[in-house]
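Just below is one structure, and these are the notes that go with it.
The values are calculated or read from the model by the stated rules, or taken from the named source; none is laboratory data. All values reported here derive from a predicted model rather than from experimental measurement. Note that each Cβ is placed from the backbone with ideal geometry, even for glycine, and that neighbours are counted across all protein chains shown. Side chains included, ligands, DNA and RNA excluded: accessible areas come from the protein's heavy atoms. Shrake-Rupley method; radii C 1.70, N 1.55, O 1.52, S 1.80 Å.
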Amino acid sequence: MKLKWNWGTGIALFYVVFVLFMLGNLIFSSTIPINLVAEDYYVQELQYQDKIEMIKNTQKLQEQPILQYADNSFLIKLPSLFKSEDIKGDLHFYRPSDSKLDKIYTLKLTPANSQVFDISTLKPGTWRAKLMWEAGDKSYYQESVFVK
């Protein structure tokens, strides 16, 4: 039996192919993992003004903190006007492409207000180091982007 092509057959074939394409696209899209920047992004957005104030406090310092990557280690050195025992804070290694790889370290500074972190376990790629610390009644924040 010979199939007769007419307008109705063409339109029906078009809709069948379109529906199959959309189903395939839906199945493919559902298999892609979704990595949020942060699970609590809404709360972080509400606290963004606090972060702006912390950045301003850091910019007002006469001696700026040093954040430096070299040979699988990451050095931080805070200004000498602070006493190491008065400083509390943490260093967050943030991976923009995969939040599951993030690492957070608590600051344990030497008397010279410095600390070296071994980051040999971090996967190669782009990282953002987020340093947040408190000294006295003020909070401070600084970021550095590096490629491992």
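Figures for the structure shown
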item	result
Principal-axis tilt of helix 48-60 within the chain, Cα atoms, nearest 10 degrees	40
Student exercise, the chain dipole from Lys, Arg, Asp, Glu Cβ charges, in Debye to nearest 20	720
Those lysines that a straight Cα-Cα span of less than 23 Å connects to Lys103, excepting residues fewer than 8 apart in one chain	Lys51, Lys77, Lys88, Lys123, Lys130, Lys148
Probe 1.4 Å, protein heavy atoms only - accessible area per residue of the chain in square angstrom	74
Label-point separation in nm, Lys138 to Tyr48, each point 7 Å along Cα→Cβ	2.5
log₁₀ of I(q)/I(0) at q = 0.12, 0.13, 0.22 Å⁻¹ - region 20-79, Debye sum with one point per alpha carbon	-0.64, -0.69, -0.97
Karplus 3J(HN,Hα) series, Hz, for region 89-98 with 6.51 cos²θ - 1.76 cosθ + 1.60 (x for Gly, Pro)	x, 8, 10, 10, 8, 10, 9, x, 7, 7
Ile32-Leu75 pseudo-label distance in nm [points 7 Å out on the Cα-to-Cβ vector]	4.2
For the chain, with +1 on Lys and Arg beta carbons and -1 on Asp and Glu, the positive-most of Val43, Ser99, Ile66 along the dipole	Ser99
Of every Cα-Cα pair in the chain, the percent that sits beyond 24 Å	51
Where trypsin sites (Lys or Arg not before Pro) fall in DSSP loop in region 38-141, at most 16 other Cβ within 10 Å	Lys83, Lys108
Accessible area of Ser29 in the full protein assembly, 1.4 Å probe (Å², nearest 10)	70
Computed lengthening from Phe21 to Ser97, 0.36 nm per intervening residue step minus Cα-Cα distance	24.5 nm
Among Met54, Leu122, Met22 the positive-end extreme of the charge dipole of the chain (Cβ point charges)	Met22
Amide proton proximity set for Ile119, modelled H, under 5 Å, gap of 5+	Ser73, Phe74
Cα-based helix-to-principal-axis angle, 7-30 vs the chain, degrees rounded to 10	20
³J(HN,Hα), Karplus 6.51/-1.76/1.60, whole Hz, each residue of region 108-115, x for Gly, Pro	9, 6, 6, x, 8, 6, 10, 7
